Each structure stands twice: as C-alpha cells, then as structure tokens.
C-alpha cells in the first residue's frame, strides 16, 4: 500500500498479535520507500511516535497519520531508524 518499488514488512498470522493500530493494512507494520527517498512509513505506539516527531525524525502522514520516518543520511541516523523499526516490529507482535 505504497509507491511503486516500496518494500513491505509483514508478519505471519501467528506473529501478528499487536493491536489493530499496530498495522497499516492487514499484517503490514511498515514499508520502506525506494532508494531515491529511503523514508519509511511504520506504525509506532502513540508515545513513541510523538517522541520521534518531537525529535525531528519524522512527521505524521497527512491522510493516515501513520508515522513517516525520514530516510537516514548517515550511520548514526540509520541506527536511530533501525531502533524505531524494531519498536514497530515489537508493537506489531504485541511485545511493546
């Protein structure tokens, strides 16, 4: 449910134990936009999404409100985005 070339992160049925708001569509909890952009849409718990927005790591999607996390520009930013993606995964699994 994204632009052409995006890669979706989807859990299998048994692993998708998070609340409905942990998913964008069916069992998709995040997707990575193509390399030219590198941003990600991911679901995050409300408190973590707010913290990411406040820290300048992303913004709410204008229609869905799903966090859009900006593409990392260096290894330090990649580490932060990786931690956010891990939190999204844990949220979708019902472990957050």
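Some notes on this structure:
- Kirkwood hydrodynamic radius over Cα pairs of region 12-62, then Stokes diffusion coefficient at 25 °C and 0.890 mPa s, in µm²/s: 201 µm²/s
- Full-stretch length increase - residue 95, residue 17 - with 0.36 nm per residue and alpha-carbon distance subtracted: 27.2 nm
- Over the chain, DSSP H runs of length four or greater, each weighted -39,500 (n - 2.57), average out per residue to a 222 nm ellipticity of -9500 deg cm²/dmol.
- Nearest 10 degrees, 0 to 90: helix 75-93 Cα axis against the chain principal axis: 10 degrees
- As a length-normalised measure over Cα pairs under 8 Å and 6 or more apart, the relative contact order of the chain settles at 31 percent.
- Cβ-to-Cβ counts within 10 Å put 88, 39, 64 in ascending order as 64, 39, 88, the fewest first.
- When each of the peptides 23-36, 71-84, 44-57 is scored by the mean number of other C-beta atoms lying within 10 Å of its residues, the order from highest to lowest reads 23-36, 44-57, 71-84.
- Distance histogram for the chain (every C-alpha pair counted, 5 angstrom bins, percent rounded to whole numbers): 3, 14, 27, 26, 20, 9, 2
Read the figures in this text as sums done on the coordinates, not as results from a lab. A quick note: this is a predicted structure, and the numbers were derived from the prediction, not measured. Using ideal geometry, Cβ is built from the backbone for each residue, glycine included, and neighbour counts are taken over all protein chains shown.
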